[in-house]
Each structure stands twice: as structure tokens, then as C-alpha cells.
Amino acid sequence: MPSFTDLRGYLDLLRKNGELVEITAPVSVHLEITEIADRVSKMPENQNKALLFTNVHGPNGEPYDMPLLINAMGSHRRMMMALGVERYEEIQKRIEFFIKPEIPNNLWEKIQMLPKLAELNKFLPREHKGSAPCQEVVLTDPTQPMLDKIPVITCWPQDGGPFMTYPCVFLKDPMTGERNVGMYRMQKYDNTTTGMHWHKHHDGNRIYENARRMGKDRVEVAAAFGCAPHVIYSATAPLPPGIDEMILAGFLHSDPVKMVQCKTIDNQVPANAELVVEGYVLLDELRWEGPFGDHTGYYSLADNFPVLHVTAITHRRDPIYQTTIVGKPPQEDCYLGKATERIFLPLLKMFISEIVDMNLPWEGVFHNCVILSIDKRYPGHAKKVMSSVWGFGQMMFSKYVIVVDKHVNVHDLSQVAWHVFNNTDPQRDMMFAEGPMDILDHATPLWAFGSKVGIDATKKWPEEGFKRDWPDEIEMDAAIKAKVDERWAELFAQA
């Protein structure tokens, strides 16, 4: 289990391991922090660090009291430190342990399952006892600085304004009472209102529409900033509706998330968060939101979205404001996405068992391209897998699905390209489909709807209509390779 339970404990771990740079020079929230963070995010991993700015100023030079943290999980090393592992496979093995179907046949087998059931109980969120750190200061007077006291950054030149980019947004479904946690950008309009960017495919929009069906006039919202990193990750995870993201957070750290009741709305938030924005969204109010420089590397266009009205801001006495930027990869969100790729692979295999491995290259911004290796067992198997992927949760957005044989390393893009370019006949091996697309895809002919293509780069079988001989890949004799390995130092001793 990781040694930390909140953001501050995580920062102490980063300091100890040389992963945090604290910048005391004055910096502006208007574009300057983005440019610094963008450059750092694209440095080699040994130079790519989390950044804590302690001297933050507004666009007109006005100082903020809060330090600003960015790029906190913007590398593979920091992402694994955040989740308390040295390799993502550790989490995969734990997931496989809990999802492996076991039906007890007798009393002894039932008794043997008790430890697993007891451990599952440890993941459930708990109520925080006593005063909560995130509520040491409570602000409810709209005539005093509320959002204005937070160093909200303007990320890119054409952005519609400053955006709060790293909130864990807590909602309660009025139909079921179930909690949902997502991550939706919030454009700051003024001291007490923001945009709420949940779109058609988001759970936030589903809850918003459920409230409308029930005749409600509003949805209560709590946006928590500076949560423990495993809580932040869980807010981004593609869980099915009805699965509490705080259970996933508890699972990741084998420790329950402590929750506290909000001050002005009927929601709960992590007690150890740095700062919480409480408020509500009216169902009959929309406001122009955007543009916003998005994770595709392009600006997402402005449109009408719901408006959050702030009823309270609560925070620690000395809060740290955590934010992030998105844009041309790699950015911090790339590492969150890679963690999801690795962590959720066992669940994908549970439903599509022939999958061996998966790569969501960040050049495809995690919904434009998926590369799969499969254990091919019958004619047309690759195309079956393509169809399965397009019917599986958020993978329905995959614009390109590339399927290769099981021996191909899907993480070596050169090797994948070599197999695609050599093993395919375009007319035979490309399968087209139409369906829902991510709304950020600016290339689709219609909003959120377009075409997809699957590419079968596996070896073709006679049963698939391939009547020619398929050549073997060139590979050196194993004994010769071993002999050269042994002689390598001798051969190049005089070089």
C-alpha cells in the first residue's frame, strides 16, 4: 500500500525521489504557465518533472495566495508512483484475482473465499470522522473573492477564457442515488459561475438528462481539486455506469477513500482534497463555452453548455491548486491514458478473450487508434475482434482498429507498421463501419458520427481465400545467435 493518503503526501514522495521542481520566480496564469509546463512535458523522462509554482500572478500582475501544481503525474514513473506500483502489471494481477470466476462447490471452498470478500470490503469509501481538511475554510459570501481567489490558468491563445482543468466532479444520479465522478473542464466566467463541459457521451450529461426526466430544475455539483492522485486517476477511468469511482480508488490503494458531506449541497467529496467548489447546474440554462485547446492538439469549438452556480468554496488553510494542460502529445493526460490502457486490459480480455495485448498510441489521443495483437484461431477472426471493439464501451469511438498476430509487439510502432504495410491487401483487409464518434473529432462529416476502419494485418489463411504460399519471416538460427552472443566482446575487442 502506498505511504500517502493525500496530495501532500504524494508531493513529499516526489520531493524525496527528485520528481518535483519548486519554482519561486513570478509566473503568470495567462499562457505563461502553459508554455513552461508544455516544454517540460516534452523533455526526456529524466528531465520531465512535476512543477510547483509558489509565486503565481494574474494577467494584470495581481498576486495569488495559492501555489499552483501542474504535471504531477506527467511521466510513466510518476504515474506508477501515484498508483503505488513499480509496474502496471501489479494492478493487472490484482484485477485478475478479483474477476476470476470462482463458484464454490462445498463449504470449504466457501470458507476459502472469505479472505477475498473481506478484502473487497476494504475498498468501499468511508465517512470521515471529525473536521475535514478540505473544509478548514468555508466561503459562502458571493460579494467576497470565491473563484477569484483561485489561480485559474488561461491555457492557449484562442481559449475562450481561463479554465479549471483538473476537477474531480462529484454528482448524484437522481434516479438511482448512485455517486458518479468524472473530470469535466470548467470555464471560469466570473467570481461565482463556470461552464460545465459534459457532453453527449459523458455520465454527467446522462445524470443531467435523468434529472430533466424526473422534473427536477437543477443538478447539484461538487468539484474537488487537489485530491489524492489515485482519486484523480479514478475520476478519469472508463467505468460502466453504476460503478462508484471511489471504490476503484480504494482498490488501487487498498485503502478506503474518506468522504465528507458538502456544506451547501447534498453531495460528498474526499475529505483530504485541497479545495472544493460546491454549486448547482440549472437544467434550463446554457451559456457559450470555449473554444478550448484540447487533447487532440486542436481547439475544440465553442458551443452552448450548462452553467455551474457556486454556492460555496471550501479549502484547507493553505491550499494547493492543482491543474493540468492538454494539447499536442505528450502531456500529462497521455500518462493517465496509458495507465488506463494497462489497468483495464484484463477486463477487456475478459470479454474479448483472444486479445493478447493492446496499444492506444497517444498520437491517436486514445480514441482515434487501437492496436491489438490476437491469438488467431479461425478465418475472419481479426474482423470479429474489430466488431467486438466497436461494441465495447468507450472503445466504440475507435476510428482505426489495427489487428496483428500474437507474436507482434504492439508497442513497437515500427514493427506494427512493417506488418501492416507487408501483410495487407487494402481491398481485402480493410473493413469499414459507421457509428458514434468522439465529439472532439473535427474530421467527421457530422458531429459525433462518422466512419471507422479496421485493418487486418494478420497472416492470411487458405480458409480466408488466400491461395498463395505465405512466406516465413526472416529469423536467424538460434544456435548461431547464441554463438555470436558469446563472442561479441571478443569480436569487437579491438574496435
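Only the coordinates and a few stated rules stand behind these numbers; no lab work does. This is a predicted model, so every value here is computed, not measured. No Cβ is skipped: glycine too gets one built from the backbone with ideal geometry, and neighbour counts run over all protein chains shown.
Observations on the structure shown:
- Inter-centroid distance (Cα atoms) of the stretch 465-487 relative to the stretch 285-364, Å: 43 Å
- Each peptide in 366-373, 400-407 was scored by the mean count of other Cβ atoms within 10 Å over its residues; highest first, the order is 366-373, 400-407.
- Cβ-based net charge around Val404, under 14 Å, with every Lys or Arg adding one and every Asp or Glu removing one: -3
- Separation of alpha-carbon centers, the stretch 191-237 and the stretch 380-403, rounded to whole Å: 29 Å
- Exceeding the 24 Å Cα-Cα cut-off - candidates Lys383/Lys460; Lys376/Lys399; Lys149/Lys216: Lys149/Lys216
- Cross-link reach is defined here as a Cα-Cα straight distance under 12 Å, omitting same-chain residues fewer than 8 places apart; for Lys122 the aspartates and glutamates meeting it are Asp255.
- Per the Debye calculation on the stretch 126-196 with a single equal scatterer at every Cα and no solvent contribution, log₁₀ I(q)/I(0) for q = 0.21, 0.24, 0.28 Å⁻¹ amounts to -1.10, -1.17, -1.22.
- Within a straight-line Cα-Cα reach of under 24 Å, Lys481 can be paired with the following lysines, leaving aside sequence neighbours fewer than 8 residues apart in one chain: Lys406.
- Given charges at Cβ of Lys, Arg, Asp, Glu: the stretch 7-322 dipole, positive-most of Ile207, Val257, Tyr233: Val257
- Stokes-Einstein D in µm²/s, Kirkwood radius over Cα pairs - the stretch 352-464 at 37 °C with 0.692 mPa s viscosity: 232 µm²/s
- Charged neighbours of Phe53, selected by a Cβ distance under 12 Å, balance to -2 (K, R count +1; D, E count -1).
- In summary, the chain shows an alpha-carbon radius of gyration equal to 1.07 times the 2.2 N^0.38 Å reference for compact globular proteins.
- Cross-link pairs beyond the 22 Å C-alpha cut-off, checked among Lys328/Lys349; Lys384/Lys459; Lys42/Lys93; Lys49/Lys338: Lys328/Lys349; Lys42/Lys93
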